[in-house]
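Structure, as structure tokens:
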Amino acid sequence: MKAHEIRNFGVTGHCGCGKTSLCDLMLFKSGAVDRLGSVDQKTSVSDYSPAEQEKKSSIYSTPLTCKYKEKNWFFIDPPGYNEFVGKMMCALHAVDSTILVINGTNGVETGTGRGWQRAVELNLPRFIYVNRLEMEGADFESIVNQLQDAYGKTVCVPFTYPVGKESSFSGIINILREKDLPSGLEGYRQTLMDTIAESDEALMEKYLNGEDLNDDEINHGLKAAICNGSLAPVFAGSTAKDIGVTELMDAINMLSPDPLERGKLTMRDQSEMDISESGPAVALAFRSQNDAFVGQLTFFRVFSGTFKAESDIFNITTGNKDHLGNLIMMNGKEQTIISEALPGMIFAAPKLKDTHIGNTIASAPTVKELPKVNYPAPVFTYAISAVKSGDDDKIISSLQKIAETDTTIVISRHEETHEFLLSGMGEQHLQNVIKKLRNDYKVEINTAPPKIAYRETITASGEGHFRHKKQSGGHGQFAEVYLRIEPAQTFSFENAVVGGAIPKNFIPAVEKGVIESMAKGPLAGCKVERLKVTVYDGKYHDVDSSEMAFKIATRRAFKDAVDKAKPVLLEPIMEVIIRIPDKYMGDISGDLNQRRGRILGMSAESGLQMVTAEVPLAEMAKYATELRSLTQGCGLFEMKFVRYEQVPANIANEIKTKYQASQSEEE
């Protein structure tokens, strides 16, 4: 096998588009398998895990391989569900091009847009396959219009066109090769020829002189246009009827780049590295899994050089040295031991000590690190606790092991609410994690919505005073403190005591008392912020005054002052960006209003509507699940904290009442 004979690509799309069925069909047509796999019959080569067979959809990024017409294919089938988007994003870092599969009845969906956007960010050539054109309601022309509106009229151009529609769909027309095109398709051919000519100066000159381009020149121009991103050819087809798939496979062979045609790798530090079979070997870890027979398996894409079995390697990300034992070529769950891995190949290595997803490995320690994989921030969070007392440490260590194979899981402890938090890309995502905890690690957890980290502040000035005096034989306790508080942008403490009413050595105790009091405000036990505190008077006793006495007096004086300063509750406000098909705009707008949201703007992006809004965090607890319900799984969102704002009075009263009730129960 030679690197220039390798084709490496990913197959992406929204859930339900039929991308896994396309992968199974390509494996069958290439002769890699004797029997056509089926998702519905649980015989898919790609979706082979019990969890995937139960769901009848992809959960993992599965590496597949075959040989098709003298080209060796290494391709990846990542999940289409939004909640597993991290796996798709990482998989696209490991490929040279991508096939974007679209459901012919649904058109451009959020998974389409996300796959396209990530491919553009990574400068990946894109092929588009419109599937399921035999289904009722499928409309190829409408989908082409959607694609052109979203990504460019001269970018998304049909390469093949359907013969017949819906149940009468029976074949395809090759727009460039067909001599007598049906009426209305000549414009597509003209656009393709213009794009081909524009890809090369020599072709442009010949084309403008009215000379015909031969097949080699057409293929050269097509490949150049696809590789530079100015063309994303659109293929019509049906995996159920095996229509249009051969033409797509031939295009992958002829028009997608081989691994050496990248020319140079741009590393994380923006330096460049030449790609070759003979130079230093470098690869990216893009998946990790536990295998029943060989233990931990880490999956790699080779970008340059050649890795050999039984050789030492260096983890460039961690700085550690390790050893490659067997190299395994994967086709679904089938494993083949190989002696070496060339550029473009995907291989798995067992039992590496400290290599995780996103790590760069190399044959020499001087190789630079590959670019970091950027993942979306989590959008769904559970507060978790152990069902069985004493399992806390086991739960955290088990979750950390799971997070090594799923980089969109975040485990944390909130510094204000003190809850352990498990965060991910959606409720279904976290339910899968919980099931894995139960089945693989034998631990159970309770889940609940996380507490909101409200804050308290004041809206007016106030003064507080407390005299602390306690006598119980021997030394007593005495301290008297006068405080003034006022609203401010940030916290500050000022000593305005004159005449030694409070000795300077006790002022730090007063400040400590203030800071300790601010950790738990009087309204709902929340952190107090945005105020200036001034100690301006007090009294002390030569014998009975102490640091503790002044801290006690300060805490009581602080509460007295806050009660007089019109305290209010603050809540975290999030900026929320939602991407949805246009038909759901009305439902989303109405739902945001019910959540006390403010819509800031709307715009079109990647064939979808993008809504930007500000919404209180308290209203977003289950939004990932509810958005999925509102949009039939076609909505995406992300959010980030922007500021704290005052809670409306009616809601603040509910929060205070609950807090007071909880305090009474504790007493």
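The values are calculated or read from the model by the stated rules, or taken from the named source; none is laboratory data. No experiment lies behind these values; they were computed from the predicted model shown. Ideal geometry is used to build each Cβ from the backbone, glycine not excepted, and the neighbour counts take in all protein chains shown.
Here is a check on your reading of the model: is F550 closer than 20 Å to L531 by Cα and surrounded by 13 or more Cβ atoms within 10 Å (Cβ to Cβ)?
On the way: closer than 20 Å to L531 by Cα: no; surrounded by 13 or more Cβ atoms within 10 Å (Cβ to Cβ): yes.
When the stated conditions are applied, F550 does not pass them.
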* Structure fact -> Scanning the stretch 205-225 residue by residue, those surrounded by fewer than 23 Cβ atoms within 10 Å (Cβ to Cβ), closer than 20 Å to T98 by Cα, hydrophobic (A, V, I, L, M, F, W, C) and touching a helix residue (DSSP H, G or I) at 6+ places or on another chain (Cβ under 7 Å) turn out to be L222
* Structure fact -> Requiring at least 2 residues that are within 27 Å of G525 (Cβ to Cβ), the strands (runs of 3 or more DSSP E) wholly within the stretch 572-667 are 608-616, 636-646
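Does L399 satisfy being surrounded by fewer than 19 Cβ atoms within 10 Å (Cβ to Cβ) and among the hydrophobic types (A, V, I, L, M, F, W, C)?
Details: surrounded by fewer than 19 Cβ atoms within 10 Å (Cβ to Cβ): no; among the hydrophobic types (A, V, I, L, M, F, W, C): yes.
Answer is no for this residue.
The rows are residues; the columns are (1) closer than 27 Å to A119 by Cβ; (2) under 24 Å from the mean Cα position of the chain (by Cα).
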position: V302; (1), (2): yes, yes
position: K308; (1), (2): no, no
position: D312; (1), (2): no, no
position: T317; (1), (2): yes, yes
position: G325; (1), (2): no, no
position: N331; (1), (2): yes, no
position: I338; (1), (2): no, no
position: I346; (1), (2): yes, yes
position: K351; (1), (2): no, no
* Structure fact -> Filtering the stretch 168-184 for residues that are modelled with pLDDT under 95 and of a type outside the set (K, R) leaves a count of 7
* Asked: When you scan the stretch 281-314, how many residues do you find that are in contact with a Pro (Cβ under 7 Å, 6 or more places away or on another chain) and either assigned to a loop (DSSP other than H, G, I, E, B) or of a type in the set (V, I, T) (or both)?
  -> 3
* Those residues that are closer than 20 Å to I580 by Cα and touching a Gly at 6+ places or on another chain (Cβ under 9 Å), I need them from the stretch 146-165; list them, please. => Q146, L147, D149, A150, Y151
* Every residue from the stretch 509-522 that is at pLDDT below 95 and under 38 Å from the mean Cα position of the chain (by Cα) -> A519, K520, G521
* Matching residues in the stretch 135-170 - criterion: being more than 21 Å from L192 (Cβ to Cβ) and either within 29 Å of the chain's Cα centre (by Cα) or outside any helix (DSSP H, G or I) (or both) -> M135, E136, G137, A138, D139, G164, K165, F169, S170
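Test Q594 against the criterion of being within 21 Å of G115 (Cα to Cα) and assigned by TED's automatic domain parsing to the domain that holds L636, and give yes or no. Step through it out loud before you land on a result.
Values: within 21 Å of G115 (Cα to Cα): no; assigned by TED's automatic domain parsing to the domain that holds L636: yes.
When the stated conditions are applied, Q594 does not pass them.
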* **Selection count, the stretch 471-520, where residues are closer than 11 Å to G538 by Cα, of a type in the set (F, W, Y) and surrounded by fewer than 17 Cβ atoms within 10 Å (Cβ to Cβ)** => 0
* Structure fact -> Listed by range, strands (runs of 3 or more DSSP E) wholly within the stretch 178-274 having at least 1 residues that are over 23 Å from H4 (Cβ atoms) and touching a residue at least 60 places away in the same chain (Cβ under 8 Å) are 234-236
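Just give me the residues in the stretch 318-363 being assigned to a loop (DSSP other than H, G, I, E, B) and buried (at least 19 other Cβ atoms within 10 Å of the Cβ), in sequence order.
Of all residues in the stretch 318-363, those assigned to a loop (DSSP other than H, G, I, E, B) come to 318-320, 325-326, 332-333, 339, 342-345, 351-359, 363.
Correct list: G332, L342, P343, G344, M345, L352, T355, I357, G358, N359, S363.
Residues of the stretch 98-134 being outside any loop (DSSP other than H, G, I, E, B), more than 13 Å from L22 (Cβ to Cβ) and within 20 Å of the chain's Cα centre (by Cα), which ones?
Within the stretch 98-134, T110, G111, T112, G113, R114, G115, W116, Q117, R118, A119, V120, E121 qualify.
Within the stretch 55-64, can one find any residue that is among the polar types (S, T, N, Q), surrounded by fewer than 22 Cβ atoms within 10 Å (Cβ to Cβ) and either more than 19 Å from G426 (Cβ to Cβ) or touching a residue at least 60 places away in the same chain (Cβ under 8 Å) (or both)?
Initially, the stretch 55-64 is screened for residues among the polar types (S, T, N, Q), giving 57-58, 61-62.
Filter once more, keeping what is surrounded by fewer than 22 Cβ atoms within 10 Å (Cβ to Cβ): 57.
Add one more test, that the residue is either more than 19 Å from G426 (Cβ to Cβ) or touching a residue at least 60 places away in the same chain (Cβ under 8 Å) (or both), and what stays is none.
No, that holds for no residue.
Could we say that S311 is surrounded by fewer than 22 Cβ atoms within 10 Å (Cβ to Cβ), in contact (Cβ under 8 Å) with a residue 12 or more places away in the chain and small (G, A, S) here?
Judged against the criteria, S311 is a match.
Considering only the stretch 25-52, how many residues are outside any loop (DSSP other than H, G, I, E, B), at pLDDT below 95 and surrounded by fewer than 17 Cβ atoms within 10 Å (Cβ to Cβ)?
Restricting attention to the stretch 25-52, the residues satisfying the condition of being outside any loop (DSSP other than H, G, I, E, B) are 25-30, 50-52.
Next cut, at pLDDT below 95 only: 50-52.
Narrowing further to those that are surrounded by fewer than 17 Cβ atoms within 10 Å (Cβ to Cβ): 50-51.
So the count comes out to 2.
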* For the stretch 497-515, state whether one or more residues are in a loop (DSSP other than H, G, I, E, B) and within 23 Å of I655 (Cα to Cα). => no
* Could you please tell me which pairs satisfy a Cβ distance under 6 Å, a separation of 6+ or placement on different chains, a first residue in the stretch 35-49 that is farther than 17 Å from V11 by Cα, and a second residue that is part of a loop (DSSP other than H, G, I, E, B) and not hydrophobic (A, V, I, L, M, F, W, C)? => T43/G37
* **Residue selected from the stretch 289-308 under the condition without any contact (Cβ under 8 Å) to a residue 60 or more places away in the chain and buried (at least 17 other Cβ atoms within 10 Å of the Cβ), by the criterion farthest from S30 (Cα to Cα)** => Q296
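Yes/no per residue for (1) buried (at least 18 other Cβ atoms within 10 Å of the Cβ); (2) modelled with pLDDT under 95; (3) among the hydroxyl-bearing types (S, T, Y); (4) in contact with a Phe, Trp or Tyr (Cβ under 6 Å, 6 or more places away or on another chain):
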site: V568; (1), (2), (3), (4): no, no, no, no
site: K583; (1), (2), (3), (4): no, yes, no, no
site: M602; (1), (2), (3), (4): no, yes, no, no
site: L608; (1), (2), (3), (4): yes, yes, no, no
site: V615; (1), (2), (3), (4): yes, no, no, no
site: E638; (1), (2), (3), (4): no, yes, no, no
site: V642; (1), (2), (3), (4): no, no, no, no
* To do: Would you be able to tell me the number of residues in the stretch 489-508 that are of a type in the set (S, T, N, Q) and more than 52 Å from the chain's Cα centre (by Cα)?
  => 1
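For the stretch 364-463, please list each of the strands (runs of 3 or more DSSP E) lying entirely inside it that holds at least 2 residues being over 30 Å from E272 (Cα atoms) and among the hydroxyl-bearing types (S, T, Y). Walk me through it before giving the result.
Working: elements: 380-386, 410-413, 420-424, 445-448, 455-458.
Strands (runs of 3 or more DSSP E) meeting the threshold: 380-386.
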* Looking at D537, D544, which one is more than 26 Å from L570 (Cα to Cα), charged (D, E, K, R), in a loop (DSSP other than H, G, I, E, B) and touching a Phe, Trp or Tyr at 6+ places or on another chain (Cβ under 6 Å)? -> D544
* Of the residues that sit in the stretch 374-387 and are in contact with a Gly (Cβ under 8 Å, 6 or more places away or on another chain) and surrounded by fewer than 20 Cβ atoms within 10 Å (Cβ to Cβ), which one is nearest to P616 (Cα to Cα)? -> P376
